[in-house]
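Inspection log for the structure reproduced underneath, given as structure tokens.
The values are calculated or read from the model by the stated rules, or taken from the named source; none is laboratory data. Worth saying up front: this structure is predicted, and the values here are computed from it rather than measured. Here the Cβ positions follow ideal geometry from the backbone for every residue, glycine too, while neighbour counts run over all protein chains shown. These area figures cover heavy atoms from the full protein model, side chains too; ligands, DNA and RNA do not enter into them. Shrake-Rupley method; radii C 1.70, N 1.55, O 1.52, S 1.80 Å.
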Amino acid sequence: QVQLVESGGGLVQAGASLRLSCAASGRTIISYTMGWFRQAPGKEREFVAAITWRGGTTYYADFGKGRFTIVRDNAKNTLFLQMNSLEPGDTAVYYCGAATSSRYYDRLSYGFWGQGTQVSVSS
């Protein structure tokens, strides 16, 4: 079993940066592909970024390429998402998850989720 706790969200203006953290406990996350998803009001949870367990391969949704960076620290059992040049369209609750299958872009592949952290971007 893996417990995940996100932090680092907040209210910022367009163009600002935020760094989200996801602390894992209960079991090491070293063998899982880890991902970030987000869910805006009235919308489905969508893929943001993922990173393989060795950290050698990263994947991003098109909207995050060039602005978001996903990093993991296996020694500290922690996942990060650095978000730069934030836009109002990035407003959502951001969730981290641990994937239990290979379809890293599919929320149904994630067996463990955190409670989410709110990111709000004003124009």
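Can you pull out the residues in the range 10-33 that are crowded, with 17+ Cβ neighbours inside 10 Å, touching a Gly at 6+ places or on another chain (Cβ under 8 Å) and not aliphatic (A, V, I, L, M)? Matches in the range 10-33: Ser21, Cys22. The strands (runs of 3 or more DSSP E) found wholly in the range 81-123 and carrying at least 2 residues that are of a type in the set (A, V, I, L, M) and in contact (Cβ under 8 Å) with a residue 40 or more places away in the chain occupy 92-99, 117-122. Across the range 56-107, the qualifying residues are those that are under 13 Å from Val121 (Cβ atoms) and of a type in the set (Ser, Thr, Tyr), and the one among them that is least open to solvent (accessible area, probe 1.4 Å) is Tyr94.
Here Gly42 qualifies as more than 16 Å from the chain's Cα centre (by Cα), under 14 Å from Gly89 (Cα atoms) and either of a type in the set (Asp, Glu) or open to solvent by 60 Å² or more (accessible area, probe 1.4 Å) (or both). Mind listing whichever residues of the range 7-40 are modelled with pLDDT under 95, assigned to a loop (DSSP other than H, G, I, E, B) and of a type outside the set (Val, Ile, Thr)? Within the range 7-40, Gly26, Arg27, Ser31, Tyr32 meet the criteria.
For the range 48-55, the condition of being at pLDDT 95 or above, open to solvent by less than 50 Å² (accessible area, probe 1.4 Å) and farther than 16 Å from Glu6 by Cβ holds for none of the residues.
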